[in-house]
Amino acid sequence: MMTTKIDARKNIIVSLKSNYGERNKGIERHIQTLKVLILMHIVLSILSFGFIFTSLISEYFGYENYKWQNTALFALLSLISLLNLPNNIIELKLLIHLKRINKFNDFDNLEKLNIDLKELINKLNNRLSINNLIPILLGVIILIMSSWQTMNLNNPYWEYMKFPIVIFFGIIITRFVITNKKINDNIKKTENTVANNV
């Protein structure tokens, strides 16, 4: 039996590697789990970013309230959250889309949309590619330096970590915004085309 374009699209969506293992307990349960995890990561990211940003601003204006030396734990927490949050959001969107397309029929432009989606998912799955070398190196450095600073508050290099942390977060957020827009456009085109053909 020949695979339909809709079935091919479903296979492409489920090929996205989840941060939280297999989806063998069902799509609906996985969606609920992702919603809870996304909320937790957002809250943790806002608190951590808030403390780091306040520390940078306070230091710039000469206030002693929030010292940069005390931000290592927050840098570590925001690193962990930010590494998971973008993929969790994209996975949630794709799984909701997967539920919606269950009763869709094939249409002419679907093959092109599937090719584009497959390309995006392949990039998301290939996290250790050469394109990710800079964020990986920065992430490892931040992990080591923030762990060192958290354990004994005596890391002589922590003062120099402001710029790498800002660059790392900037790269991750920028990539997420670009990829998220492409995924959203692909999903909207698919769902709008089907709605117009009904």
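Here is the figure for segment 149-198: residues that are of a type outside the set (A, V, I, L, M, F, W, C) and not in a helix (DSSP H, G or I) total 4. On inspection, residue 141 passes the criterion of being free of Cβ contacts under 8 Å to residues at least 24 places away in the same chain, in contact with a helix residue (DSSP H, G or I) (Cβ under 9 Å, 6 or more places away or on another chain), outside any loop (DSSP other than H, G, I, E, B) and not acidic (Asp, Glu).
Sub-6 Å Cβ pairs linking a first residue in segment 108-128 that is among the charged types (D, E, K, R) to a second residue that is part of a helix (DSSP H, G or I), at least 6 apart or interchain, are 111/5; 116/186; 118/12, ordered by first then second residue.
The helices (runs of 4 or more DSSP H) located wholly in segment 1-119 that include 3 or more residues which are surrounded by fewer than 14 Cβ atoms within 10 Å (Cβ to Cβ) and within 20 Å of the chain's Cα centre (by Cα) occupy 27-60.
Taken together, the residues in segment 160-196 that are exposed (fewer than 11 other Cβ atoms within 10 Å of the Cβ) and at pLDDT below 90 amount to 3. If the condition is being over 28 Å from residue 20 (Cβ atoms) and of a type in the set (Ser, Thr, Tyr), then segment 119-164 contributes 157, 160.
For the condition among the basic types (Lys, Arg), within 20 Å of residue 162 (Cβ to Cβ) and at pLDDT below 85, residue 25 does not qualify. In the set (1) surrounded by 12 or more Cβ atoms within 10 Å (Cβ to Cβ); (2) more than 24 Å from residue 192 (Cβ to Cβ), the condition left unmet by residue 140 is number (1).
The values are calculated or read from the model by the stated rules, or taken from the named source; none is laboratory data. This is a predicted model, so every value here is computed, not measured. Methodologically, a virtual Cβ is constructed for each residue, glycine included, from the backbone with ideal geometry; neighbour enumeration extends over all protein chains shown.
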